[in-house]
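In what follows, a single structure is set out as structure tokens and then discussed.
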Amino acid sequence: MTAAPITIAVLASGRGSNLQALLDAIASGALDARIAGVFSDKPTCGAIAIARAHGLHAVAIRPRECTDRAAHDEALFSEIAAVQPDLIVCAGYMRIIGAAALRRFEGRMINIHPSLLPRYPGLDTHARALAAGDAEHGASVHAVIPELDAGPLLAQVRIPVLAGDDAETLSRRLLPREHALLVATARLFAQRRVQLHAGHALLDGHRLPAPLQLDAANHLIGA
Ligand code: GAR
């Protein structure tokens with residue numbers, strides 16, 4: 001008997017290209033999963049529009065509709081709990097998630113971040129990599145913990161910084177690599193090969209000594 005596809009809840013605040021990459025991978029058969037819902041703090045964002053266009057369950061709650069940060073988390077994450085996701089993917093969700101919401105979904109939440117963590121947590125990652133004179137830049141997928149962009153690293157993709165790059169060209173070149181990274185990492189969850197713990201990630205029951213690296217053929221080396 002084959003296992004049912006995993007269910008994924010996507011949290012997003014922006015244009016939704018990572019959500020679209022997951023949907024494309026599911027449609028092509030490259031990812032055996034089902035998107036159970038898309039959740040946002042921004043009702044007019046691209047990700048919510050994409051969700052609606054695909055007939056997906058879409059829920060957006062503005063922070064100002066809630067009394068405080070904790071109440072917003074509680075409202076949004078109660079909506080997420082209702083779809084019983086196996087995995088929550090933060091794909092450009094630009095709010096800090098409080099500890100109570102994280103505890104509720106411990107071990108089930110990942111984030112894609114546009115830098116080679118632990119370098120450049122937070123915002124403006126492309127400009128900061130350029131300002132530091134880095135020869136390479138990239139993106140990371142990690143488990144979400146209360147400290148911002150600091151959870152155990154699962155996988156990364158690297159791109160060279162080219163002469164003449166600015167933040168715009170660098171982010172434009174990185175984005176399709178981010179999409180491939182997110183799909184490849186989600187596939188490991190779909191295959192039920194990953195377990196997330198507070199301080200580390202397990203692949204096939206073994207602690208990952210270092211984040212997996214995506215190669216040019218979109219395979220995670222060593223996975
Ligand atoms: C992506 O580049 C993602 O890595 C970044 O937001 C963008 C969302 O794009 N996430 C963060 O900066 C999280 N700290 P998308 O809406 O097109 O998927």
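The values are calculated or read from the model by the stated rules, or taken from the named source; none is laboratory data. Because the structure is predicted, anything quoted here is derived from the model rather than measured. Please note: Cβ atoms are built from the backbone with ideal geometry, for glycine as well, and neighbour counts cover all protein chains shown. SASA here: full protein model, heavy atoms, side chains in, ligands and nucleic acids out. Shrake-Rupley method; radii C 1.70, N 1.55, O 1.52, S 1.80 Å.
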Using 0.36 nm times the number of residues separating T7 and S28, minus their current alpha carbon distance, what extension gain do you get?
5.9 nm
What number comes out for accessible area per residue over segment 143-223 if the probe is 1.4 Å? Units Å², please.
50 Å²
Give the peptides 203-209, 58-64, 84-90 in descending order of average Cβ contacts within 10 Å, highest first.
84-90, 58-64, 203-209
What are the semi-axes of the equivalent ellipsoid of segment 1-101, taken as the square roots of 5 times the eigenvalues of the Cα gyration tensor, listed largest first and rounded to whole Å?
24, 16, 10
Stokes-Einstein translational diffusion, segment 37-88 - Kirkwood Rh over all Cα pairs, 1.567 mPa s, 4 °C, in µm²/s:
114 µm²/s
With a 10 Å radius around each residue's Cβ, average the other Cβ atoms per peptide and rank 133-145, 114-126, highest first.
133-145, 114-126
Phi-based couplings in Hz for segment 212-220 (Karplus 6.51, -1.76, 1.60; Gly and Pro marked x)
5, 10, 7, 8, 5, 8, 6, 9, 8
Which three semi-axes in whole Å describe the equivalent ellipsoid of segment 130-214, each the square root of 5 times a Cα gyration tensor eigenvalue, listed largest first?
27, 14, 10
Take every DSSP beta bridge whose two residues both sit in segment 1-141, then give the antiparallel share in percent to the nearest 5.
10 percent
Charges at C-beta only: +1 for Lys and Arg, -1 for Asp and Glu. How large is the resulting dipole of segment 51-177 about its Cα centre, in Debye rounded to 20?
200 debye
Extension length gain for R104 and A163 (0.36 nm per residue less Cα distance), in nm, is 16.7 nm
Please report, in whole Å³, the volume per residue of the convex hull around the C-alpha atoms of the chain.
130 Å³
Please give the Cα centre distance for segment 21-65 versus segment 161-223, rounded to the nearest Å.
21 Å
Counting sequence-distant residues (5 or more places) and residues on other chains, those with an amide H built under 5 Å from that of M109 are I88, V144
Averaged per residue, the 1.4 Å probe accessible area of segment 1-120, protein heavy atoms only, in Å², is roughly 46 Å²
Hey, got the dipole for segment 161-209? About the Cα centre, +1 on K and R Cβ, -1 on D and E Cβ, debye to the nearest 20?
340 debye
Take each of the peptides 180-191, 66-77, average the number of other beta-carbon atoms within 10 Å over its residues, and list them starting from the highest.
180-191, 66-77
At a 1.4 Å probe radius, carbon and sulfur cover how many percent of the accessible area of segment 67-139?
54 percent
